[in-house]
Each structure stands twice: as C-alpha cells, then as structure tokens.
1. Pull up the stretch 171-190, narrow it to residues that are assigned to a loop (DSSP other than H, G, I, E, B) and open to solvent by less than 20 Å² (accessible area, probe 1.4 Å), then point me to the one that is modelled with the highest pLDDT.
2. If you check N130, N193, which single one turns out to be farther than 16 Å from V53 by Cβ, in a loop (DSSP other than H, G, I, E, B), in contact with a helix residue (DSSP H, G or I) (Cβ under 8 Å, 6 or more places away or on another chain) and not small (G, A, S)?
3. Checking the structure you have, find out if any residue of the stretch 208-231 is among the hydroxyl-bearing types (S, T, Y) and open to solvent by 10 Å² or more (accessible area, probe 1.4 Å).
4. Among the residues of the stretch 158-170, write down those that are under 26 Å from S75 (Cα atoms) and surrounded by fewer than 21 Cβ atoms within 10 Å (Cβ to Cβ).
5. Would you mind finding the one in S102, S132 that is open to solvent by less than 30 Å² (accessible area, probe 1.4 Å) and closer than 27 Å to N34 by Cβ?
6. Is it the case, given these coordinates, that G200 is small (G, A, S), without any contact (Cβ under 8 Å) to a residue 12 or more places away in the chain and surrounded by fewer than 20 Cβ atoms within 10 Å (Cβ to Cβ)?
7. Between a first residue in the stretch 99-118 that is over 26 Å from V153 (Cβ atoms) and a second residue that is at pLDDT 85 or above and of a type outside the set (K, R), which pairs have beta carbons less than 7 Å apart while being 6 or more apart in sequence or on different chains?
Amino acid sequence: MGEKSKTIGELGENIYAEMIKIFGWAHAENVPINCSKRSRHNKITHGIDSLVVQKNPLIAEETEIGIVSVKNIKSGKYKSNFKNFADDIIDTSACFMRSAKSREYLEASKTKRIVEKQLLFWITNDKGKNHSTITQIVNIFPNTNEDYNQLTVADNRAISFHYNLRNFIDITFKQATSIEYFYPDTGLNETINELRLLQGKELPFDWITSPIIPYRIDLQNDKNVLVLGLNEAFEEDSFRRLAGLSQNLTSGWCNKIIL
C-alpha cells in the first residue's frame, strides 16, 4: 500500500476505542445486566464491554445486536482462554436478550428481525501485526449449554487489516468529500418498502473478519473511487477475482478503481 504497516501496539492502549471510529459503530460501554440464570452461569451479574445496535445494511428489515467482549492479553493458553472467553460472552448475550436492558436498547428499532451476534475482539499484545489467533483455536468449541447465533473472533490479523486499509485511504484521499463503506447488492437488502442503502459509515458486523472490504470515496467534481482491500496474499488469482468483482460492484458509478 505504500505505507509502512503498523503493528497493533502502535494503535495505543485502547485499541478497540480507536477501531470503532473506523467501524463507525455507535456503542454503549460497560453495560451491566443481571444474570437470569444464576445457578447455570454461577454469576449474579454480567458485564458487556461494548454493545452495538444498528440496522444491517446487507439484509433489509434486520437489526444487528453486537455483544462485544474486548480482550487484550499476552499470548499463550489459546484453547483454554477461548473456551472461557466464549462461554462468558455467550452466557452474557443470553441473559441480555432476556433482560429489560434489551428492550431499552431495542425500543427504537422498527425492523422485523432482531439478530444477536457475539464478537470476541481478541488482541494478543506480544505478537506481530499478522498474528492469527484463529489458527490456534480451530475446532475448539465453547462449553456453554446456551444457544447462540453467531460468535466471531477478530484477532491481530483482522484488526491490522482494517486499520492499515483505512490509514491508506485517509492518506491517499485527504481531500475526499466522503469516505464510506460501499454496500453491494446482496439480493436481501432491498424490499418494496425499503430501498437498498448504497453506502454508509457503519461497518456491517459480519464484515469485521471479511477478507475483502469495499470503500466508496467521493471526491470533488463528482468523481468517485472504489477501493477494494484484500486481506490475503496478492497473487494472480486474487487479482483476477478482485478485478471481476470490482466491475460487478461499480455498475458504472465510479471513475477509478484501486485494488
């Protein structure tokens, strides 16, 4: 990308606080809730590090509830740590959805579906920027008996990708009038009553570990740029795939494409 890649450590102590600025997430911090299953969870209360509630731009009439647990620890004990972290966030999510707090945060939602998603934002602070915690916990599953919809783990590699991609865009397009995520047509994000949202500041929750991130950059004089970031080795097959994808995404609205 032309800029020296930055390590996780360079983002400062509160990495998550910096990253949600990039993700565009409005969130509530340190949300306490009562445990509704005390004998099963062996707790009186739970704490949610970050609670994100937003409409899903990829699926019409859907509100995403993101229950986020933030971990910034040294390496080691990946399997046992994952089981503990995963059990805690899934149990917390189950109690949140049964609580009065959930109704408080969802009372303004007018969508047909409410989908809760759990995110383990897991930074290992003595590893390099491309360290992948995911590879250490493959085929490891939570012990909890609670049902859960979707548990995502964002590690150093995923977070560094988002940070470096946005840093590249901010440096390259300092005079941009707008820098937003581009929301492609998924076949599910438009209804008769609700037209598709084309772009926005909010990163869809499911995209935090996506290997491809599309940005739409609006410049002066009605010039538009599509930037496609790829979080994998840039090889011939990847280039051909991205080139084809970029043509499908733009439909003639952009003046320039950057891969």
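The values are calculated or read from the model by the stated rules, or taken from the named source; none is laboratory data. Worth saying up front: this structure is predicted, and the values here are computed from it rather than measured. We place every Cβ from the backbone using ideal geometry, glycine too, and count neighbours over all the protein chains shown. The area values use the complete protein model at the heavy-atom level, side chains included, leaving out ligands, DNA and RNA. Shrake-Rupley method; radii C 1.70, N 1.55, O 1.52, S 1.80 Å.
1. Y183
2. Of N130, N193, the one residue that is farther than 16 Å from V53 by Cβ, in a loop (DSSP other than H, G, I, E, B), in contact with a helix residue (DSSP H, G or I) (Cβ under 8 Å, 6 or more places away or on another chain) and not small (G, A, S) is N130.
3. yes
4. Selection gives N164, L165.
5. Answer to the selection: S102.
6. Taking the combined requirement at face value, the residue does not satisfy it.
7. Note: pairs meeting the criteria are S109/T63; T111/E61; T111/E62; T111/T63; K112/E61.
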